[in-house]
Amino acid sequence: MNSSSVPTETKPKAFDIDRIRAQFPVLHQEVNGQQLVYFDNAATTQKPKVVLDALTDYYQTMNANIHRGVHTLADRATAAFEATRESIRGFINAGEKEEIIFTKGTTDGINLVASSWGRANLQKGDEVIISTLEHHSNIVPWQIICEEKGAVIKVIPVDDNGDLIIEEFNKLLSPKTRLVSVVQVSNALGTINPVKEIIEKAHNAGALVVVDGAQSSSHLTIDVQALDCDFFVFSGHKMYGPTGTGIVYGKRRLLEVMPPYQGGGEMIKEVTFEKTTFNEIPYKFEAGTPNIADIVGLKFAVDFINSLGKENIIAHEEMLLDYAHEKLSSIPGLRFIGTARNKAGVVSFVIEGIHHFDIGMMLDAKGIAIRTGHHCTQPLMARFGIDGTARASFSVYNTTEEIDRLAESLQGIVKMMS
Amino acid sequence: MTKPSINTLQDEIIEEFSLFENDQHAKLEYIFDLSKQLPDLEEEHKVEDNLIKGCQSKVWLISEREDDRLKYKADSNTAITKGLIALLIRVLSEQRAEEIAKADLYFIEKIGMSQFIGSQRSNGFANMINKMKLEAAIAYKDIVS
């Protein structure tokens with residue numbers, strides 16, 4: 001048989017990194033004379049062209065205020081906006097789309113839960129459990145409401161690897177515990193927390209659970225029904241969607257009895273000067289004109305993730321994380337902060353004798369974007385006795401070659417500065 | 001020997017940095033070298049009162065008045081900020097208070113370091129410039145009154 005006539009085996013190209021990178025225009029530029037390496041994905045991911053096009057398309061073909069218009073554009077805009085709600089429902093496997101509330105981001109979402117649920121339910125002496133791994137946005141809203149209500153915050157400690165000490169969590173749980181709010185994946189260390197176990201234990205103690213999914217939503221498969229969490233809060237912009245988009249998932253029976261936390265248009269049923277009645281969920285929590293265009297764009301980010309397959313994305317990111325740990329461990333004086341059993345997305349480190357700010361500046365001069373500082377987790381940094389780390393965080397479009405460039409640049413920085 | 005004017009010194013620095021063209025890495029290496037040449041501030045001066053906080057880098061600044069001039073000493077916990085401080089001290093220290101208070105520090109942008117004085121909350125450098133000028137303005141007010 002003539003070999004040229006043998007049909008080329010059509011190997012399914014599940015993960016063609018060049019094709020993926022081609023979809024992110026921002027990656028194809030030089031920064032300080034070098035090809036950009038973007039390793040600040042835990043702060044925000046870049047956006048694929050389908051998302052950018054969706055934003056332009058929205059403004060060019062359907063821009064209108066939603067839900068109340070009787071004209072065609074308002075119908076189109078409303079349909080596109082609500083299509084994202086359904087898409088997000090599927091993305092986290094919520095039971096109903098009414099359980100999906102749009103916000104500005106994770107911070108806004110946690111504030112919503114703390115203000116609404118917290119104000120209605122917390123009482124003097126009640127306890128709210130958070131963890132040492134929390135981002136300030138999952139600390140401060142609880143401090144504010146607990147101070148107002150006379151409730152008390154308890155904190156699950158972490159061990160030297162950055163894993164939560166679950167035995168200590170067990171001890172903190174009591175009949176006084178009303179709510180547990182924990183991060184699923186730490187933004188500073190990458191620790192994946194055993195949230196399913198935490199949720200089961202909290203429920204057995206009669207407490208509700210908020211999961212901060214800001215980092216996990218793009219790195220793990222999320223199933224809020226399987227987790228049985230009461231609230232799941234995340235951001236669109238950390239999963240390839242536009243900035244200014246966030247989601248609160250809440251169980252229907254909880255959302256229905258929670259009071260609104262912002263008043264205005266959209267969230268009302270009927271207003272008189274004597275009394276106002278409120279709209280149904282989710283609109284009760286979406287006062288005012290929402291961020292329509294960006295939420296419309298968010299659906300295309302979900303479609304992008306689904307088109308690649310979450311399991312393929314996870315496998316690629318795990319490979320990058322392992323590769324980064326291996327490559328960076330050869331840098332003299334480098335110490336990883338966060339060596340948890342299960343990690344996702346993030347490698348955080350310090351280098352003996354070189355401040356993380358200098359590391360970040362020198363890498364930027366080589367076209368490599370990382371994040372440095374306390375990552376809005378000052379209590380966690382204090383736990384490790386440091387004032388910050390250098391953090392490289394990975395996404396679907398990153399490559400091992402980029403990690404090689406990071407490692408080479410770090411070698412150069414160590415040689416020069418220490 | 002009288003100290004050259006603020007603008008003469010700024011122009012000198014711009015000239016030096018022009019050698020690096022747009023090589024940001026080479027500029028930062030040079031700034032790092034400058035940081036090593038700037039004497040450390042004595043530990044007794046690294047106190048809360050002299051601290052200018054940035055989100056990531058700390059700067060300590062002290063000033064002494066000599067007649068109508070101000071002499072500055074400063075330090076930072078990060079090398080690149082310290083190197084930039086060395087440049088700032090070269091330009092402003094031992095100048096007349098009136099001139100410091102009025103100075104237009106155009107060299108920072110011209111050498112391609114404007115990111116340090118922008119709106120990013122990452123370092124104490126911008127706050128340090130404000131403090132230096134404020135101290136000069138206070139000193140000048142005192143001198144003329």
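Read-outs throughout are calculated quantities, based only on the coordinates presented, and are distinct from any laboratory measurement. A quick note: this is a predicted structure, and the numbers were derived from the prediction, not measured. Here Cβ is always computed from backbone atoms with ideal geometry, including for glycine, and neighbour counts include all displayed protein chains.
For the reader, a short list of remarks on this structure follows.
- Working note: Karplus 6.51/-1.76/1.60 with θ = phi - 60° gives the stretch A:257-264 the couplings 9, 6, x, x, 10, 9, x, x Hz, where Gly and Pro are set to x.
- Residues A:THR243, A:THR272, A:THR289, A:THR107, arranged from fewest to most other Cβ atoms within 10 angstrom of their Cβ, appear as A:THR272, A:THR289, A:THR243, A:THR107.
- Whole-angstrom gap from the stretch A:353-401 to the stretch B:52-129, using each part's C-alpha centre: 25 Å
- Distant alpha-carbon pairs in the stretch A:69-191 (separation over 18 angstrom), percent: 63 percent
- Volume per residue for chain A equals 184 cubic angstrom (convex hull of Cα atoms).
- Its convex hull of Cα atoms gives the stretch B:6-144 a direction-averaged projected area, equal to a quarter of the hull surface, of 8.1 nm².
- Each residue of the stretch B:92-103 is assigned a 3J(HN,Hα), and the resulting list reads 9, 5, 6, 8, 5, 3, 4, 6, 4, 4, 8, 4 Hz, derived from the Karplus form 6.51 cos²θ - 1.76 cosθ + 1.60 (θ = phi - 60°), x at Gly and Pro.
- In chain B, excluding the sites themselves, the longest stretch lacking any of the trypsin sites (Lys or Arg not before Pro) that are in a DSSP loop with at most 15 other Cβ atoms within 10 Å is B:47-120.
- Farthest toward positive dipole pole in the stretch A:51-306 [+1 Lys/Arg, -1 Asp/Glu at C-beta], among A:ILE156, A:GLY297, A:ASN63: A:ASN63
- Selection of chymotrypsin sites (Phe, Trp or Tyr not before Pro), the stretch A:252-290, meeting DSSP coil and at most 15 other Cβ within 10 Å: A:PHE273
- For the stretch A:105-190, GluC sites (Glu not before Pro) are listed when DSSP marks them as loop and at most 10 other Cβ atoms sit within 10 Å of their Cβ; the list is empty.
- Expected 222 nm ellipticity per residue - DSSP helices of 4 or more, -39500 (n - 2.57), all of the protein assembly as shown, to 500: -12500 deg cm²/dmol
- Relative exposure of A:ILE153, A:ILE247, A:ILE129, judged by other C-beta atoms within 10 Å (fewest first): A:ILE153, A:ILE129, A:ILE247
- Residues whose placed amide H lies under 5 Å from that of A:VAL31, excluding near-sequence neighbours: A:LEU36
- For the stretch A:301-418, the Kirkwood radius over C-alpha pairs fed into Stokes-Einstein at 10 °C and 1.306 mPa s yields D = 106 µm² per second.
- Counting only Cβ charges, +1 for Lys and Arg and -1 for Asp and Glu, the dipole size of chain B around its Cα centre is about 420 debye.
- Phi angles of the stretch A:181-197 translate, via the Karplus equation with coefficients 6.51, -1.76, 1.60 and θ = phi - 60°, into HN-Hα couplings of 10, 10, 7, 7, 10, 5, 6, 8, 10, x, 3, 8, 7, x, 5, 5, 5 Hz per residue; Gly and Pro are given as x.
- Considering only trypsin sites (Lys or Arg not before Pro) in DSSP loops that have at most 14 other Cβ atoms within 10 Å, the longest stretch of chain A without any of them is A:125-274.
- Subset of B:LYS3/B:LYS27; A:LYS366/B:LYS82; A:LYS154/A:LYS299 violating a 30 Å alpha-carbon distance limit: A:LYS154/A:LYS299
- Considering all different alpha carbon pairs of the stretch A:196-253, the Kirkwood hydrodynamic radius works out to 12.0 Å.
- In terms of Cα atoms, the Rg and Dmax of the stretch A:201-331 work out to 19.2, 70 Å.
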